[in-house]
Amino acid sequence: MIIMDRKYSFSDVYNTGIDDDKLHEECGVFALFSRDNHDVSGLTYYSLYALQHRGQESVGIAVNDNGTIVYHKDMGLASEVFDNVMLEHLKGQMAIGHVRYSASGAGKRENLQPVVVKYKRGQLALAHNGSIVNAAELRSKLEENGAIFQSTSDTELMVNLISRYRVTSSSTEEAIQKMMNDIQGSYAIVVLTTNKVIGIRDPHGIRPLCIGKLDNSFILASESCAIDAIGGEFVRNVNPGEIVVISRDGLQSIQTEVPVESKLCIFEYIYFARPDSVIDGVSVHRARIEAGRRLAIEHPVDADLVIGVPDGGTDAAIGFSRESGIPFGYGLLKNKYVGRTFIQPNQALREVGAKIKYNVIRDEIEGKRIVMIDDSIVRGTTTRRIVQMLKNAGAKEVHLRISSPPFRYPCYFGVDVSSGKELVAAERSVSEINEMIGTDSLAYLSLEGLLKTPIGSAFGFCTGCFNGKYPIEIPKNENEFDNK
Ligand code: AMP
């Protein structure tokens, strides 16, 4: 196995201390099994570019070259971590890739993905999007039996479980099925073995995963935009609880016996996914446009201009404008070269990040009554600052309309809000938030309204962040909100 890590720092060598932080990761995964002699690392690199919105902290690619897995992973964007020389080294016939952002555990190299291991049956690489809620318990059981871990990641735990079950199973898929009986939580996983690529979606389908085709080859990706990016064709979604096995012989599906109930994260449509993606049969762009329309019906306001907070609020702002007849304009400019505000690992850096991220187009705003549309308010920090900017630029009034319900409860399944305490809506009424962020009026789309959009025609949803009802029971030690 060739390990190609370029940038070692002092902390890489000495920072092996494990903290008890649970990783809440927002990630993107990708896999390609080429039966057509493609440049798999190059195509994986492009696809990770297309998935970069799902995580900008680190990126990794593992490639299978005639049965040997080689990989490279590092902190940074795809364009920073990979160059031609590196991609030249990653030659092979199958690949998996990963982009990652995590809040806690941030900056720790041992949590980079894909996790690549050697074990009794050969080599294995695994990349994961989601969060395993009973990880602490499973990990502790393994440790009681002498297992050791290098990281705090769920990914390493899963690799450990698969490798153990593989010893007594006839195939990796069988070992994966056994692992699925143990783990609870959200997972969209891609696995690379010495001769297969495997995709897995949790029994509730909380995180998205879809299948694509490129010539005679198969693709797995968190979002369809990654398939489009390399000229592939969308085939279908991986079903909740489904294991998809891709080998030389083609694609085989195993529907696990675990009960299947779709509970896709509703936040995928609201915020995470790219508008050009189609998730579980519904166009993200159309869902957002319609959410904006419903918002205009539920909470109309007299105003001169509708603006969206880019990028998440733009589609809904177009919908609001179409429904209300109030013209849509570009009042806010987003610096495209700054990552998401949340990417900064601490509050101090986040504050600086927000300042360079947005600016107001004064000419468009001055003297006008503005309706500003955003997809969500999480901590309220960015929103308050933007409202202030608009007022400073001469806006007569700023009315904020949010195209989703108040984000009141923590997420245990992959959205980076592990503690309810951070959420501005957790213990405040809408009018208190309105006062706090300095808007002239504030209103949120109702959950019923949101489900009347095309989103409602998809399968079932996890709406835990809005109503505290989670599809899976949260173990007590995970439920920080209850403990505080
Ligand atoms: P704030 O006012 O600080 O709560 O920031 C609100 C902005 O955060 C909105 O524009 C949302 O689009 C964005 N947002 C929502 N969820 C997330 C998330 N999980 N990570 C990063 N940004 C988010």
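State whether the residues of region 357-365 include one that is part of a helix (DSSP H, G or I), within 15 Å of the ligand (Cβ to nearest atom) and at pLDDT below 95. Yes: one or more hits.
Only one of the numbered conditions (1) in a helix (DSSP H, G or I); (2) assigned by TED's automatic domain parsing to the domain that holds residue 322; (3) touching a residue at least 40 places away in the same chain (Cβ under 8 Å); (4) not hydroxyl-bearing (Ser, Thr, Tyr) is violated by residue 435, and that is (3). Here the strands (runs of 3 or more DSSP E) wholly within region 232-291 that include at least 2 residues being within 22 Å of residue 64 (Cβ to Cβ) are 242-247, 250-255.
Considering region 405-432, the residues that are within 18 Å of residue 381 (Cα to Cα) and near the ligand (Cβ under 10 Å from one of its atoms) include one that is nearest to the chain's Cα centre (by Cα), namely 415. For the residues 241, 185, 212, 250, the requirement of being touching a Phe, Trp or Tyr at 6+ places or on another chain (Cβ under 8 Å), surrounded by 20 or more Cβ atoms within 10 Å (Cβ to Cβ) and at positive phi singles out 185. Taken across region 455-476, residues that are away from the ligand (no atom under 14 Å from the Cβ) and within 30 Å of residue 369 (Cα to Cα) do not occur at all. For residue 25, the conditions (1) more than 22 Å from residue 101 (Cα to Cα); (2) at pLDDT below 95 are fulfilled apart from (1). The single condition among (1) at pLDDT below 95; (2) within 14 Å of the ligand (Cβ to nearest atom) that residue 288 does not satisfy is (1). The set of residues in region 147-192 that are within 16 Å of residue 135 (Cβ to Cβ) and of a type in the set (Asp, Glu) comprises 154, 156, 182.
Please list, ordered by first then second residue, the pairs with beta carbon atoms under 7 Å, 6 or more apart or interchain, first in region 298-309 and under 12 Å from residue 439 (Cβ atoms) and touching a residue at least 60 places away in the same chain (Cβ under 8 Å), second surrounded by fewer than 20 Cβ atoms within 10 Å (Cβ to Cβ) and of a type in the set (Ser, Thr, Tyr). Short answer, once both residue conditions are applied: 301/441. Applying a threshold of 9 Å to beta carbon distances and a minimum spacing of six or more residues, or different chains, the list of pairs starting in region 446-472 at a residue that is touching a residue at least 12 places away in the same chain (Cβ under 8 Å) and under 12 Å from residue 295 (Cα atoms) and ending at one that is among the basic types (Lys, Arg) and outside any loop (DSSP other than H, G, I, E, B) reads 446/294; 449/294; 450/294; 452/294; 453/286; 453/288; 453/293; 453/294. One residue is enough: does region 297-306 have a residue meeting the conditions charged (D, E, K, R), over 25 Å from the mean Cα position of the chain (by Cα), not assigned by TED's automatic domain parsing to the domain that holds residue 220 and not in a helix (DSSP H, G or I)? Yes: one or more hits. Here residue 118 passes the criteria (1) over 25 Å from the mean Cα position of the chain (by Cα); (2) buried (at least 21 other Cβ atoms within 10 Å of the Cβ); (3) among the basic types (Lys, Arg) except the one numbered (2).
Looking at region 99-217, none of the strands (runs of 3 or more DSSP E) lying wholly inside it contains 3 or more residues that are without any contact (Cβ under 8 Å) to a residue 24 or more places away in the chain. Of the listed requirements (1) more than 16 Å from residue 197 (Cα to Cα); (2) crowded, with 22+ Cβ neighbours inside 10 Å; (3) not small (Gly, Ala, Ser), residue 134 misses just one: (2). Select from region 372-394 the residues that are near the ligand (Cβ under 6 Å from one of its atoms), in a helix (DSSP H, G or I) and either out of contact with any helix residue (DSSP H, G or I) (no Cβ under 6 Å at 6 or more places or on another chain) or of a type in the set (Gly, Ala, Ser) (or both) and list them in ascending order. Correct list: 381 only.
Please work out if residue 95 is crowded, with 19+ Cβ neighbours inside 10 Å, out of contact with any helix residue (DSSP H, G or I) (no Cβ under 6 Å at 6 or more places or on another chain), small (Gly, Ala, Ser) and not in a helix (DSSP H, G or I). In short, no. Total residues in region 319-333 satisfying the condition of being touching a strand residue (DSSP E or B) at 6+ places or on another chain (Cβ under 6 Å), more than 13 Å from the ligand (Cβ to nearest atom) and outside any loop (DSSP other than H, G, I, E, B): the figure is 4.
Taking the listed residues 266, 307, the one that is among the β-branched types (Val, Ile, Thr), under 26 Å from residue 130 (Cα atoms) and either touching a Phe, Trp or Tyr at 6+ places or on another chain (Cβ under 7 Å) or within 16 Å of the ligand (Cβ to nearest atom) (or both) is 266, with no other qualifying.
Conditions tested, residue by residue: (1) within 24 Å of the chain's Cα centre (by Cα); (2) surrounded by fewer than 22 Cβ atoms within 10 Å (Cβ to Cβ); (3) of a type in the set (Gly, Ala, Ser).
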{"position": "140", "(1), (2), (3)": "no, yes, yes"}
{"position": "168", "(1), (2), (3)": "no, yes, no"}
{"position": "204", "(1), (2), (3)": "yes, no, no"}
{"position": "226", "(1), (2), (3)": "yes, no, yes"}
{"position": "229", "(1), (2), (3)": "yes, yes, yes"}
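Among the residues of region 308-331, is any within 26 Å of residue 216 (Cβ to Cβ), crowded, with 23+ Cβ neighbours inside 10 Å and modelled with pLDDT of 95 or more? No, region 308-331 has no match at all. Residue 344 passes all but one of (1) at pLDDT below 90; (2) within 10 Å of the ligand (Cβ to nearest atom); (3) crowded, with 17+ Cβ neighbours inside 10 Å; which number fails? For residue 344, the failing item is (2).
Within region 218-231, the set of residues being of a type in the set (Ser, Thr, Tyr) and in a loop (DSSP other than H, G, I, E, B) comprises 222 only.
The values are calculated or read from the model by the stated rules, or taken from the named source; none is laboratory data. In this text the structure is predicted, and so the values were computed from the model without any measurement. Cβ: placed from backbone, ideal geometry, glycine included. Neighbour counts: every protein chain shown.
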